[in-house]
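Written below as structure tokens is the structure these notes are about.
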Amino acid sequence: MIVVSGIIICLFLLYLIFESFTNFQLFAGRFHPLIIHFPIGILFLGFTLELLSQKRKHHSIQPILPLILLFGSITAIISVVLGLFLSWEGGYSDDGIFLHKWMGIFTGLFSFILYLINAKVNRKSYLLGYTLLVILLAITGHKGGNLTYGDDFLLENLPPGVTEIFNIENKANVKRKLIENLPEALIYEDIISPIFDSKCVSCHNSRKLKGELRLDNPEGIMKGGENGEVIIPEDHTKSSLYKLVTLPGEDEDHMPPEGRDPLTDSEISLIKWWINQGKLFNTTVADVTITEEVKDKLFKLTTASQTTWDKLILKKIPDPNPEIIAEMKKKGVIIKKISEEANYLEINYSLFKDEFSNADLTDLLQIKEYIVWLDIGGRKEIDDSSVKIITQFPNLIKLHLENTKITDNAILLLTELPLLEYLNLYGTNISNNAVQHLKNFRNLKALYIWKTQITADGILDLNKLTNVEIAAGEELLMDNNQNE
Ligand code: HEC
């Protein structure tokens, strides 16, 4: 009894001393998540042994049980004190921490009281008390875990059917929603907030207000953090949020902090563009100027290739015949699977050893469903008759025909490929006559027409295809601007 009172008094004195060393509290508080494992482990062990000792066979362990409970309760109380230190550091909202804090304090004290009354009450009430203690401990621990990892952390990886029952959003399964119609997309809601959600909100939300900043809604973003506004519309250079995400990675103020997934260059450009265009919320892409810097980045967020891709992945097909593949590889054809999940292939003739002929393309018909990328660029033997064969590859998405002998007629043939998204026609003889056919591609996303016969007028016409990225070379684009 004297020992115990001594310990408590010492703890209280230590507490008073720590009070006066602010840094010490900050230092010690960080040990809470570590030390907390001791009382949890010890008290659960004590409880299990307590139950075991009910059996006559294990009566002999009874004398050490109070000691285990004492250790458990002392480490629990130390953890509580450290937990209070940690909470003073800030960064947790009052709502989030309230229950964990008070349940923690209560559990610590309760374990100690249980120790004190241990000898004085009957076994049944004592065991009941102990049961209550471990239940409290489990709930408090769980609440604490939620503060650190977020509410969904524990059950996040349950199978999808089960997560539905618990109404948990399985974050791993939620992909960024791709944008169907770019001009109508909302800049903050569809483009910027998903970036914050994935990289910032885990620390800047209603429960964990690091830097007193919330980044999970417009009000929080506008309100700013402990040092005031974080975004100054129309001026990214004055916006602390932009400054912090662009600091060198090793700078201790860099956001997100070390060890977290940093923002990509693309994400940083998009945030800069969002700040500079000035109207932060409820603004569509069509309302503002799309700068050169963000043009491709925005384009990458749109559907098309991703959806086509997903469709292919979902449509599982068996492995291609290994003999055919081996035979082709021997001739120098580069054949690669495009991903681990799907058997679709990328085929590249850049290292092909023999004279190339249409017979080689006819060979490919044996594995035609597998081919999604085909690179036969630079092969002078390729002409419109070769393209006729290529149109029989139903899943072709990406096609390199640069520096080949194809003509406008080939483009008409290629419109038969339903999934074609990328077409490289660099250095071919196609002309403005091909433009009308190019407009008929349903899924085209990227078109390379440098050094072809297509003129500035042709490009002007093609530019009406707002969904297609066109690479036509500097001079032509300049001509084009002058024409406008
Ligand atoms: C691991 C947790 C964590 C993540 C993730 C995180 N932050 Fe922070 N953030 C902090 C902490 C802690 C502070 C307070 C730093 C300080 O006061 O020295 C802070 C402060 C800030 C501040 C300054 C607020 C003010 O007024 O002082 C901004 C702005 C900020 N963060 C933006 C971001 C952005 C943007 C992201 C995502 C790209 C992000 N943070 C991700 C922990 C985090």
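The values are calculated or read from the model by the stated rules, or taken from the named source; none is laboratory data. What you see is a predicted model, and the numbers here were worked out from it, not measured in a lab. Positions of Cβ are backbone-derived with ideal geometry, glycine not excepted, and every protein chain shown enters the neighbour counts. Protein only, heavy atoms only, side chains kept; ligands, DNA and RNA dropped before computing areas. Shrake-Rupley method; radii C 1.70, N 1.55, O 1.52, S 1.80 Å.
For the residue pairs LYS238/LYS279; LYS353/LYS439; LYS368/LYS405; LYS243/LYS297; LYS208/LYS297; LYS336/LYS368, the C-alpha atoms sit more than 25 angstrom apart in LYS353/LYS439; LYS208/LYS297. Here the spin labels are modelled as points 7 Å beyond Cα on the Cα-Cβ line, and at LYS279 and LYS380 they lie 5.6 nm apart. Across all directions, the shadow cast by the convex hull of the stretch 175-298 built on its C-alpha atoms averages 7.5 square nanometres.
Rolling a 1.4 angstrom probe over the stretch 380-436 with all protein chains present gives an accessible area of which 49% lies on carbon and sulfur atoms. Computed per residue of the chain from DSSP H runs no shorter than four, each worth -39500 (n - 2.57), the mean residue ellipticity at 222 nm is -14500 deg cm²/dmol. Each label point was placed 7 Å from the Cα along the Cα-to-Cβ direction; for ILE61 and TRP88 their separation is 3.9 nm. Solvent-accessible surface of the chain, taken per residue with a 1.4 Å probe and all protein chains present: 56 Å². Measuring r between the beta carbons of ASN23 and GLU184 and using R0 = 56 Å, the FRET efficiency lands at 0.60. Annotation: amide H-H contacts under 5 Å for GLU469 (H modelled 1.01 Å from N, sequence separation of 5 or more, or interchain): ALA446, LEU447.
Averaged across orientations, what area in nm² does the convex hull of the alpha carbons in the chain project?
33.4
For the pair THR289 and LYS124, label points projected 7 Å from Cα toward Cβ lie 8.3 nm apart.
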